[in-house]
Number of protein chains: 2
Amino acid sequence: MIKSFEELIEKARVLENKKVAIVSSLSEHTVKSGILAKENDIAEPVFIGDKRKIEEILKKLGKEPSDYIIEDSKSEEESALRAVELAKKGEVDIILKGNISTSTLMKKILAKESGLRTGNLLSDVFITEDTSKDYPKLIGMSDGGINILPSLEEKKAIIDNAVKVFKRLGYEKPKVAVLSCVEYVNEKIPSTVEAKKLQEMNERGEIKDCIVEGPLALDLAVSEFAAKLKGVEGKVVGNADILIVPNIEAGNIFGKSFTYFTHLKVGHIIVGAKIPILIPSRAETEEDRLNSIAIAVFMENLFE
Amino acid sequence: MIKSFEELIEKARVLENKKVAIVSSLSEHTVKSGILAKENDIAEPVFIGDKRKIEEILKKLGKEPSDYIIEDSKSEEESALRAVELAKKGEVDIILKGNISTSTLMKKILAKESGLRTGNLLSDVFITEDTSKDYPKLIGMSDGGINILPSLEEKKAIIDNAVKVFKRLGYEKPKVAVLSCVEYVNEKIPSTVEAKKLQEMNERGEIKDCIVEGPLALDLAVSEFAAKLKGVEGKVVGNADILIVPNIEAGNIFGKSFTYFTHLKVGHIIVGAKIPILIPSRAETEEDRLNSIAIAVFMENLFE
């Protein structure tokens with residue numbers, strides 16, 4: 001069970017190096033992510049984009065271009081297509097968005113002919129260090145990035161995806177809290193009704209390899225103290241590994257609060273395709289990008 | 001402009017003491033809130049509940065019961081009614097929920113005959129210290145507590161309420177960010193459409209005394225760095241005083257994350273009635289309850 005990003009980086013270093021395609025590596029910020037992955041022995045970057053420009057950036061950053069794999073490409077679209085081809089042939093294991101619009105990149109990845117679709121829902125799995133505990137552990141959150149108003153079936157798939165990720169990180173039977181703003185079903189709050197249904201689906205064995213409880217407010221999901229005071233008991237209560245948010249806004253605001261208010265380490269990856277896809281926010285630090293790459297290197301053949 | 005809870009407590013101390021009715025003061029935790037308010041010279045508690053029990057608790061906590069105002073009452077309902085009567089007569093200025101169900105208390109407060117209704121929407125205004133900045137300031141968030149699925153008109157009222165509170169704290173023309181998960185209007189994400197409408201209502205002068213911008217993701221609302229990187233400009237962008245969340249779940253999760261993940265000081269009050277109402281979560285610390293009382297003492301005649 002990996003308990004911190006420090007441990008994650010250490011363990012990623014031991015694994016056989018994966019290749020990460022950095023699509024449209026045309027800024028220093030983007031190229032640095034690749035350099036950092038290589039120098040930390042986490043992954044081998046495959047820079048895709050205007051070769052001369054990439055070489056220039058590498059030189060400017062004090063690196064020898066011939067030490068790096070560069071795939072020449074003249075446009076964003078061509079870069080995206082090249083990354084997809086390399087992934088299809090198994091020559092890269094992870095796709096990281098560089099200086100390209102998310103929609104251009106995702107269109108190529110999700111195209112029928114890409115060979116990268118699995119039939120599974122794509123979702124963003126966000127991970128941070130759980131500072132609600134006095135012992136170290138990671139905590140996951142989904143989905144603050146992809147699915148706008150997930151239906152019950154989509155929420156089930158979001159849980160499945162996050163559970164798969166956490167199992168790879170050594171959390172054998174992850175404890176999943178389906179969040180809302182209260183811990184009881186209130187018909188006026190649809191997210192409480194759905195949370196209960198997800199718990200029941202888990203009890204019936206329709207959601208596997210994890211324990212699901214909901215609805216729970218955040219305090220009850222992570223704090224044993226709050227749970228005790230409120231007299232709420234459960235297997236997940238007070239000790240969740242994964243938090244499922246009711247809507248994309250809640251997840252996006254919650255996720256960003258870790259970066260901007262708590263200044264904690266974070267990482268996040270999109271799973272559901274044949275290989276992990278990393279779509280960092282433009283303002284994401286290089287360290288957080290490295291964390292995301294480190295998570296991704298554990299996800300080989302997560303969906304087959 | 002009050003920049004921290006420390007400053008808020010100091011300034012509250014200077015004001016003439018307000019009286020806070022503590023409805024159903026039947027636990028040590030609840031009684032301590034009142035003692036703390038008195039000893040910090042923030043407010044004079046009026047304990048309502050079984051007098052003998054309250055005296056016992058005071059003695060157990062090493063206090064002299066005759067130093068405190070106690071209103072004898074035999075039931076939760078009677079305690080709530082007594083608090084409402086005292087508030088109506090102007091004998092208490094703030095109502096703080098003790099060991100009583102929120103619904104019992106709110107029913108008495110919101111009853112037509114209570115005299116405490118103003119015709120305004122009630123909303124919860126949450127305040128914390130803004131650690132996204134390298135200089136001290138407070139930041140507000142609403143509504144993570146009361147309104148489940150606010151309509152556009154209700155969101156306008158939520159903004160009005162939060163702006164009134166921040167003006168009292170010395171923020172002359174508060175900068176209001178209407179949050180969603182992206183910074184552009186996407187018809188598939190209703191919260192982005194409403195955020196834009198709220199900005200337009202502000203531009204037309206329908207929402208006054210503040211500057212409203214939206215939709216904004218959290219990073220753009222609070223981080224000048226993120227705004228610069230993403231090329232987004234505005235008067236609120238990067239420097240919001242008040243964050244309006246799209247739904248109660250987002251607000252509740254965001255608000256609780258400050259307590260459980262960041263361990264920051266928080267306070268929150270319900271405004272919209274004739275006097276501020278404090279509904280602390282059971283697991284809220286005494287310090288956070290004191291912060292809420294200190295906010296409330298600045299809110300005299302906020303709605304008339």
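The values are calculated or read from the model by the stated rules, or taken from the named source; none is laboratory data. Computed from a predicted structure; not experimentally measured. Because the Cβ atoms are built from the backbone with ideal geometry, glycine has one as well, and the counts that use them run over all protein chains shown. Note: accessible area is taken over every heavy atom of the protein model, side chains too, but ligands, DNA and RNA are not part of it. Shrake-Rupley method; radii C 1.70, N 1.55, O 1.52, S 1.80 Å.
Values for this structure:
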quantity: Members of segment A:237-254 that are of a type in the set (S, T, N, Q) and facing chain B (nearest Cβ under 9 Å); calculated: A:ASN247, A:ASN252
quantity: Among the residues listed as B:ILE248, B:ILE253, the single one being at pLDDT 95 or above, within 13 Å of B:ASP124 (Cα to Cα) and open to solvent by less than 20 Å² (accessible area, probe 1.4 Å); calculated: B:ILE248
quantity: Condition check for B:ILE159: buried (at least 16 other Cβ atoms within 10 Å of the Cβ), among the aliphatic types (A, V, I, L, M), within 14 Å of another protein chain (Cβ to nearest Cβ) and within 30 Å of A:VAL193 (Cβ to Cβ); calculated: no
quantity: Residue among B:GLU44, B:GLU55 that alone is over 20 Å from the mean Cα position of the chain (by Cα) and either surrounded by fewer than 22 Cβ atoms within 10 Å (Cβ to Cβ) or part of a helix (DSSP H, G or I) (or both); calculated: B:GLU55
quantity: Given (1) modelled with pLDDT of 95 or more; (2) open to solvent by 20 Å² or more (accessible area, probe 1.4 Å), index of the condition B:MET201 fails; calculated: (2)
quantity: Yes/no for A:LYS74 being within 29 Å of A:GLY115 (Cβ to Cβ), over 20 Å from the mean Cα position of the chain (by Cα) and part of a helix (DSSP H, G or I); calculated: no
quantity: Subset of segment B:135-146 that is within 11 Å of chain A (Cβ to nearest Cβ) and open to solvent by less than 30 Å² (accessible area, probe 1.4 Å) - its residue that is farthest from A:GLY251 (Cα to Cα); calculated: B:ILE139
quantity: Sole exception among (1) surrounded by 20 or more Cβ atoms within 10 Å (Cβ to Cβ); (2) in contact (Cβ under 8 Å) with a residue 60 or more places away in the chain for A:LYS235, by number; calculated: (1)
quantity: Residues that are touching an Asp or Glu at 6+ places or on another chain (Cβ under 8 Å) and either within 11 Å of chain B (Cβ to nearest Cβ) or open to solvent by less than 50 Å² (accessible area, probe 1.4 Å) (or both), drawn from segment A:166-183; calculated: A:PHE166, A:TYR171, A:PRO174, A:LYS175, A:VAL176, A:ALA177, A:VAL178, A:LEU179, A:SER180, A:CYS181
quantity: Residue within segment B:176-186 that is under 30 Å from A:ASP143 (Cβ atoms), of a type outside the set (Gly, Ala, Ser) and in contact with a Cys (Cβ under 7 Å, 6 or more places away or on another chain) present; calculated: yes
quantity: Per-region count, segment B:147-156, residues within 23 Å of A:LYS256 (Cα to Cα) and surrounded by fewer than 20 Cβ atoms within 10 Å (Cβ to Cβ); calculated: 2
quantity: Residue within segment A:106-115 that is over 15 Å from the mean Cα position of the chain (by Cα), closer than 16 Å to A:LEU278 by Cβ and open to solvent by 30 Å² or more (accessible area, probe 1.4 Å) present; calculated: yes
quantity: Candidates A:ASP219, A:ASP209 - the one that is under 23 Å from A:HIS268 (Cα atoms), surrounded by fewer than 22 Cβ atoms within 10 Å (Cβ to Cβ), without any contact (Cβ under 8 Å) to a residue 60 or more places away in the chain and not aromatic (Phe, Trp, Tyr); calculated: A:ASP209
quantity: Condition check for A:ILE275: away from chain B (no Cβ under 14 Å) and either more than 25 Å from A:THR102 (Cβ to Cβ) or open to solvent by 10 Å² or more (accessible area, probe 1.4 Å) (or both); calculated: yes
quantity: Close pairs from segment B:284-295: first open to solvent by 20 Å² or more (accessible area, probe 1.4 Å), partner of a type outside the set (Ser, Thr, Tyr) and assigned to a helix (DSSP H, G or I), Cβ under 7 Å, at least 6 apart; calculated: B:GLU286/B:LYS32; B:GLU286/B:LEU36
quantity: Among residues of segment A:77-90, those that are touching a Lys or Arg at 6+ places or on another chain (Cβ under 7 Å) and not in a helix (DSSP H, G or I), counted; calculated: 0
quantity: Flag for B:GLU200 being over 26 Å from B:SER223 (Cβ atoms) and not in a loop (DSSP other than H, G, I, E, B); calculated: no
quantity: Any hit, segment A:223-236, residues being touching a Ser or Thr at 6+ places or on another chain (Cβ under 8 Å), within 13 Å of chain B (Cβ to nearest Cβ) and among the β-branched types (Val, Ile, Thr); calculated: no
quantity: Selection from segment A:256-272 of residues that are of a type in the set (Val, Ile, Thr) and either open to solvent by 20 Å² or more (accessible area, probe 1.4 Å) or more than 14 Å from chain B (Cβ to nearest Cβ) (or both); calculated: A:THR259, A:THR262, A:ILE269, A:ILE270, A:VAL271
quantity: Leading residue by the ranking (farthest from the other protein chains (Cβ to nearest Cβ)) among those in segment B:184-197 that are closer than 15 Å to B:VAL237 by Cβ and assigned to a helix (DSSP H, G or I); calculated: B:LYS196
quantity: Residues of segment A:119-134 that turn out to be within 13 Å of chain B (Cβ to nearest Cβ) and not aromatic (Phe, Trp, Tyr), as a count; calculated: 8
quantity: Residues of segment B:221-259 classified as under 18 Å from the mean Cα position of the chain (by Cα) and aromatic (Phe, Trp, Tyr), total; calculated: 2
